[in-house]
Structures are given as C-alpha cells and as structure tokens.
Amino acid sequence: MSEIVRFATVAEVDADLGLLTAAERARHERLVAAADKQAYAAAHVLVRECAAELLGTRRAEVVIEQRCERCGSVEHGAPSVAGAEAVRVSLSHARGRVAAVAATRRCGIDVERISRGPDRALSPRETAWVAGQEDAAYAFTRLWVRKEALVKAGHGSMAAAQRLDVLAEDGPADRIGDVRITQWEGAGFLGAVAICADMWTEN
C-alpha cells in the first residue's frame, strides 16, 4: 500500500492532545475559537494515524514536524514525519471536517466548506466555467480544493492561484501533468487529494 487517505468529521477522530509536539500544542493554544482548536487537533492526530498505518506502527510513535523550506521557521511550512523521509504527509482542517494523507510519493490534501470564493483565485477560463454552472459555490469549491491539494503536493503557488488552472475540457481535472487528483464529497464540504507520480516532482 503506497498511500493512506482519510476524510473525517472532527468528532470521528480521537484527538489526544498528548500526541502533539510542543510546537503543535503552542500553535493549537494560539487559536481562539474552540471549533478551530478542535479541528486543528483532529487533523494533526489524523495525519499521525495515516502515517502510522502506512509505516505499520502506532500513532503515538509518529512525530510530525513542520519547517518552512524558504525561511527555516518551524512555525509554518509543510508537515513531515520525523525519521521517515520515504513518507510524505499532508493535512487539512475546516470547522467540523478534517483530512489527511500519507504516501510514499509527494502528496497534498484539502477539505473546505462549500462556498463561492473570489474570481481572482481563478484563471479566466475557470471563471467563465464557474459562471456557467448552476451551483457556482459548488463549482468554485471543486476547483479550489484541487488547487490547494496541488500546491501542497509541490505544484504551483496559492499566491499565483490564477495561473494554476485545474480545469479539463469537461470539468475539474482528475489529472494535472503527472499528478492524480481525486475528489471527495461530504455534507456541505468538498475535498481533494493529489498524489504525484514520483516522490521528487519539480514545482
């Protein structure tokens, strides 16, 4: 098995704060809203469960680190599994829903509440497609979660979201270059997971 993907409600995750590192707990405590704290904890535990299943170990043995590749800060950046360079992980949380993936390839995951975001996040082609759909919020979110998952997998940048076109001829793409994209859907939420063909995929 080369990938473990899970989407869950916050309530479905046994979010033991004792599993989090000191850095994770500090970020958790800085959150103000209880719903955000709960979702953060659940996502960070869920990603441990995915990695543990992939590695054949217990979630308590998985240590998640974060470090920004650009500035070296441990306050932000992509998560990784300490001592397991062959495993890549990604996580996402929205109020009420969380998602996580662990894989032997570069990967990214996102989950969002269905909503209509700004046109500046879309390419002109994507903007026209969303405008032509019966449910613009649903259509926008289908594109947005793909963009987020792709960026987390190492493709493109959310700062240049307009240039990251994820629309195929017949709707949102299920593949962008060598990246496979799978959509997930729950009540009021959409998600996407992106799995690269190779571990080291250039941006």
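A compact table of results
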{"quantity": "Test result for Leu54, open to solvent by 10 Å² or more (accessible area, probe 1.4 Å), more than 17 Å from the chain's Cα centre (by Cα), over 20 Å from Leu164 (Cα atoms) and hydrophobic (A, V, I, L, M, F, W, C)", "calculated": "yes"}
{"quantity": "Which numbered condition Gln183 misses (of (1) crowded, with 24+ Cβ neighbours inside 10 Å; (2) closer than 20 Å to Leu46 by Cα; (3) of a type outside the set (Val, Ile, Thr))", "calculated": "(1)"}
{"quantity": "Subset of region 116-167 that is over 22 Å from His93 (Cβ atoms) and of a type in the set (A, V, I, L, M) - its residue that is most open to solvent (accessible area, probe 1.4 Å)", "calculated": "Ala131"}
{"quantity": "Residues of region 13-32 satisfying the condition of being more than 20 Å from Glu61 (Cβ to Cβ) and free of Cβ contacts under 8 Å to residues at least 24 places away in the same chain", "calculated": "Ala26, His28, Glu29, Arg30, Leu31, Val32"}
{"quantity": "Residue count for region 154-203, restricted to those that are in a strand (DSSP E or B), under 12 Å from Arg142 (Cα atoms) and among the charged types (D, E, K, R)", "calculated": "1"}
{"quantity": "Search result, residues across region 63-75 that are in contact with a helix residue (DSSP H, G or I) (Cβ under 9 Å, 6 or more places away or on another chain) and farther than 19 Å from Phe7 by Cα", "calculated": "Val63, Glu65, Gln66, Val74, Glu75"}
{"quantity": "Unique residue being outside any helix (DSSP H, G or I) and either among the aliphatic types (A, V, I, L, M) or closer than 18 Å to Ala103 by Cα (or both) when the list is Ala15, Ala26", "calculated": "Ala15"}
{"quantity": "Failed condition for Ile64, given (1) hydrophobic (A, V, I, L, M, F, W, C); (2) touching a Leu at 6+ places or on another chain (Cβ under 7 Å); (3) under 26 Å from Cys196 (Cα atoms)", "calculated": "(2)"}
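So that you can scan it fast, the table gives a plain yes or no per residue for (1) within 17 Å of the chain's Cα centre (by Cα); (2) surrounded by fewer than 23 Cβ atoms within 10 Å (Cβ to Cβ):
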position	(1), (2)
Ala11	no, yes
Ala43	yes, no
Ala60	no, yes
Ser73	no, yes
His76	yes, yes
Ser90	yes, no
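The values are calculated or read from the model by the stated rules, or taken from the named source; none is laboratory data. Please read these numbers as outputs of a predicted model, since none were measured by experiment. Heads up, the Cβs are rebuilt from the backbone with ideal geometry, glycines too, and the neighbour counts pull from every protein chain shown. Areas reflect the complete protein model, heavy atoms only, side chains present, ligands, DNA and RNA absent. Shrake-Rupley method; radii C 1.70, N 1.55, O 1.52, S 1.80 Å.
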